[in-house]
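**Q** The structure that follows is given in the form of structure tokens.
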Amino acid sequence: MGSLLTTARVPAREQFDFWHEVVCRQFVPLDTRREESGPFQGCLDATQVGGLVVTDITADPQQVVRSCQSIASSDPDLIMACLHLEGMGAVEQDERLAWLSPGDLVMFDSTRPYRLLFDSRFRQLVFHFPRQRLLPRLVAPRAAMAVSVNGRAGVGRLAADFLRSLGEQAGALDVRSAPTIVEQVLGLLALAFGTPSEPEDEPASPAHLARLRRLQAYLEEHLSEPELSPADLAAAHHISVRYLHRLFELSGCSMGDWLRERRLVRCAASLRDTRQAGRSVSEIAFAWGFNDASHFSRAFKQRFGMSPKEYRARACSAGSTETG
């Protein structure tokens, strides 16, 4: 169910303070500022879709600042992906400034300072989720933050159209469809933001990024090997383990985190596949490189919000409903 919060029912002198509390509670601790005093109009409508929170925000001009002090007080490790719908705005992070007009997409990372600037009344759809859900899919996550993507053409248009539709229908979605929808969102964001517009520093040079892609492709082909280690991967590509770890820093996670994410995604696909209905959950987990059934179940529930058995049952139920 959605959660609607508005300043309309709050006395004018308390409206901006109320708005500050609402935004901090919905997202992360931060500072809200504005140049004018007096009444403030803001409305926030939030809906949970699986592990993704969809928030429709309409508000008066303001600045939002996530400082080092705010991060130290609470660090929930979130990525915010925004579809800008009305007004003008900007996002600043990592010394980059992305200007936003209606239809643009932008992302920023809660683990590093950022600033949001809105000089006029605006509306945004904000999608926030644990950063590790998306980072393994991006070649250079830091280079993808505070970069404006045109949502009116190309892959950006595909992502923007899907996010806009999700914002409109979030409250009416069947909970059984949530995992598939979230996967679609993450896939489209990875496509739209997957190619950095410019390397952020020397380690993100084209040669380094190309080598990282080769490492990730090799891992994708060897997901079923439970004993695959950084030393094995480094030896197969004639590089040092230290250099391998440096390359994976570009993806925002360790090699182990990247492997776990890809294995969980493959397991989920196998559990949804009706042709594999005769295989046990453990058999599927072991086939994709897990070697401990209990560890797999815990990791799967943390990743998808339900146990493997529940996930398979809901997927089968949804499939029978569609065919029926």
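**Q** Which residues, counting only those in segment 141-152, are surrounded by fewer than 23 Cβ atoms within 10 Å (Cβ to Cβ) and either more than 17 Å from Y114 (Cβ to Cβ) or of a type in the set (K, R) (or both)?
**A** R142, N150, R152 - these are the residues of segment 141-152 that are surrounded by fewer than 23 Cβ atoms within 10 Å (Cβ to Cβ) and either more than 17 Å from Y114 (Cβ to Cβ) or of a type in the set (K, R) (or both).
**Q** Taking segment 1-34 as the search range and keeping residues that are part of a loop (DSSP other than H, G, I, E, B) and more than 27 Å from D109 (Cβ to Cβ), which one is modelled with the lowest pLDDT?
**A** Residues of segment 1-34 part of a loop (DSSP other than H, G, I, E, B): 1-2, 10-11, 27-30, 34.
Now narrow it down to the ones that are more than 27 Å from D109 (Cβ to Cβ): 1, 10-11.
On the way: M1: 43, V10: 96, P11: 96.
For segment 1-34, the residue satisfying everything is M1.
**Q** Can you say whether F16 is of a type in the set (F, W, Y), over 23 Å from the mean Cα position of the chain (by Cα) and crowded, with 16+ Cβ neighbours inside 10 Å, as far as the supplied structure shows?
**A** Numbers: of a type in the set (F, W, Y): yes; over 23 Å from the mean Cα position of the chain (by Cα): yes; crowded, with 16+ Cβ neighbours inside 10 Å: yes.
In short, yes.
**Q** Got a sec? Which helices (runs of 4 or more DSSP H) wholly within segment 215-324 have at least 2 residues that are free of Cβ contacts under 8 Å to residues at least 24 places away in the same chain, in contact with a helix residue (DSSP H, G or I) (Cβ under 8 Å, 6 or more places away or on another chain) and more than 23 Å from A140 (Cβ to Cβ)? Please lay out each step first, then the result.
**A** Working: elements: 230-236, 241-249, 255-272, 281-287, 293-304, 308-323.
Because the criterion is at least 2 residues that are free of Cβ contacts under 8 Å to residues at least 24 places away in the same chain, in contact with a helix residue (DSSP H, G or I) (Cβ under 8 Å, 6 or more places away or on another chain) and more than 23 Å from A140 (Cβ to Cβ), the helices (runs of 4 or more DSSP H) in segment 215-324 that meet it are 281-287, 293-304.
**Q** Further, regarding this structure: Kindly evaluate R142 against the criterion of being outside the structural domain of C253 (by TED's automatic domain parsing), of a type in the set (D, E, K, R), in a helix (DSSP H, G or I) and in contact with a Pro (Cβ under 9 Å, 6 or more places away or on another chain).
**A** yes
**Q** Another question about this same structure. Of M80, M88, which residue is free of Cβ contacts under 8 Å to residues at least 60 places away in the same chain and buried (at least 19 other Cβ atoms within 10 Å of the Cβ)? Break it down stepwise before answering.
**A** On the way: M88 fails: buried (at least 19 other Cβ atoms within 10 Å of the Cβ).
On inspection, the qualifying residue turns out to be M80.
One line per residue, one yes/no per condition, for (1) surrounded by 19 or more Cβ atoms within 10 Å (Cβ to Cβ); (2) of a type in the set (S, T, N, Q); (3) modelled with pLDDT of 90 or more:
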residue: D201; (1), (2), (3): no, no, no
residue: E221; (1), (2), (3): no, no, yes
residue: A234; (1), (2), (3): yes, no, no
residue: L247; (1), (2), (3): yes, no, no
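**Q** Report, ordered by the first and then the second residue, all pairs with beta carbons closer than 7 Å, sequence separation of six or more or different chains, a first member in segment 160-185 that is outside the structural domain of A46 (by TED's automatic domain parsing) and among the aromatic types (F, W, Y), and a second member that is at pLDDT 95 or above and assigned to a helix (DSSP H, G or I).
**A** Within 7 Å, no pair qualifies.
**Q** Can you spot a residue in segment 148-155 that is modelled with pLDDT under 90 and in a helix (DSSP H, G or I)?
**A** Checking segment 148-155: not a single residue is modelled with pLDDT under 90 and in a helix (DSSP H, G or I).
**Q** Give the residues of segment 162-184 that are surrounded by 15 or more Cβ atoms within 10 Å (Cβ to Cβ), farther than 16 Å from Y311 by Cβ and aliphatic (A, V, I, L, M), sorted by residue number.
**A** Hits for segment 162-184 are L163, L166, A170, L173.
**Q** Next up: Let me confirm something: among R272, R262, R312, which residue is in contact with an Asp or Glu (Cβ under 9 Å, 6 or more places away or on another chain) and either farther than 23 Å from Q132 by Cβ or surrounded by 15 or more Cβ atoms within 10 Å (Cβ to Cβ) (or both)?
**A** Numbers: R272 fails: in contact with an Asp or Glu (Cβ under 9 Å, 6 or more places away or on another chain); R312 fails: in contact with an Asp or Glu (Cβ under 9 Å, 6 or more places away or on another chain).
Unique residue meeting the criteria: R262.
**Q** Does any residue in segment 15-44 that is within 19 Å of R123 (Cα to Cα) come within less than 6 Å, Cβ to Cβ, of a residue that is outside any strand (DSSP E or B) and among the charged types (D, E, K, R) six or more places away or on a different chain, and which pairs are these?
**A** F40/D60; Q41/D60
**Q** Next question. Taking G38 as the residue in question, decide whether it is over 25 Å from R164 (Cβ atoms), surrounded by fewer than 20 Cβ atoms within 10 Å (Cβ to Cβ) and assigned by TED's automatic domain parsing to the domain that holds S110.
**A** yes
The values are calculated or read from the model by the stated rules, or taken from the named source; none is laboratory data. Please read these numbers as outputs of a predicted model, since none were measured by experiment. Every residue, glycine as well, gets a Cβ built from its backbone with ideal geometry; the counts of neighbours run over all protein chains shown.
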